[in-house]
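The values are calculated or read from the model by the stated rules, or taken from the named source; none is laboratory data. Small disclaimer: the values here were computed from a predicted structure and weren't measured. FYI the Cβ positions are ideal-geometry reconstructions off the backbone, even for glycines, and counts take in every protein chain you see. Heads up: the accessible areas ignore ligands, DNA and RNA and are worked out on the full protein's heavy atoms, side chains in. Shrake-Rupley method; radii C 1.70, N 1.55, O 1.52, S 1.80 Å.
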Amino acid sequence: RGFNITIPLSSTSESNRKGITAALLQPDGKVIISGNFKKYYNNAINNILRLDALGNLDESFSGGLDNATTESEGLFQTFINQMFYTTENDIIAVGQFNTYNDVATDNMVRINNDGSKNIDFNNICRGFNGPVECITQTSSGKIIIGGNFRAYNGVARDRIVQLNADGSLDPAFNAPMHTFLENDIQANEIIAQPDGKVIIAS
């Protein structure tokens, strides 16, 4: 049997729906998928799920973005833009969302392998004050994030930030984005080079 998935989408407000917005292949062959959806076949889902190598729902993964949000309450504004598998064998996801499993975690969350939120990761409820577009990890374990935000955990940062592996702010990294990006533009892709330099694309 081959890999086969169907994520039903309702017929309402289709012009606002983003559909599937991010997917991540894990080293074990399972796939994490996120987007604007509340159902996988007949299973209730809150915008994120994990499938096994055949496309079956992996019920050992229990996660949900903005669980209380319905379509009329702004479902289409809840989504993950990018996910990456860390060197610690868990996942960091960024995008536009307020909660993960009903815990405040504005626009970024670190997810354990069972789908639970990593409560030791230090993005407090204030998180990012705007949507996050992209994320990468350096060879030293630092996490670099770009998006349309102006603060992280209440500390001013202009559309790009570097975090320590535990999610705390790295104060030594403070790129003056305003000097080379117009105010209404954000980084859409970030690549960390092996030599420690960073490539930003917009």
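Remarks
- Summing Lys and Arg as +1 and Asp and Glu as -1 over all other residues whose Cβ lies under 14 Å from the Cβ of Gly130 gives a net charge of 0.
- In order through the range 86-98: 3J(HN,Hα) via Karplus (6.51 cos²θ - 1.76 cosθ + 1.60), integer Hz, x for Gly, Pro: 7, 5, 9, 6, 10, 10, 10, 10, 10, x, 10, 7, 9
- Point-charge dipole on Cβ atoms (K/R +1, D/E -1) for the range 67-178, about Cα centre, debye to 20: 380
- Taking 0.36 nm per residue of separation and subtracting the current Cα-Cα distance, fully stretching the chain between Ala172 and Thr138 would add 10.8 nm.
- Fraction of accessible area attributable to carbon and sulfur, the range 101-202 (%, probe 1.4 Å): 51
- Within straight-line reach of Lys197, meaning a Cα separation under 16 Å, sit the following aspartates and glutamates at least 8 residues removed in sequence or on another chain: Asp170, Glu189.
- With each label modelled as a point 7 angstrom along the Cα→C-beta vector, the Asp102-Asp184 pair spans 4.0 nm.
- Listed values for the range 35-41 are Karplus-derived 3J(HN,Hα) couplings in whole Hz (6.51 cos²θ - 1.76 cosθ + 1.60, θ = phi - 60°), namely x, 8, 8, 10, 8, 10, 6, and x replaces Gly and Pro.
- Close amide H pairs (under 5 Å, H built 1.01 Å from N) link Ser62 with Gly115, Ser116, residues at least 5 positions away or on another chain.
- Of Lys117/Lys142; Lys39/Lys142; Lys30/Lys117; Lys30/Lys142, pairs whose Cα-Cα distance is over 28 Å: Lys39/Lys142
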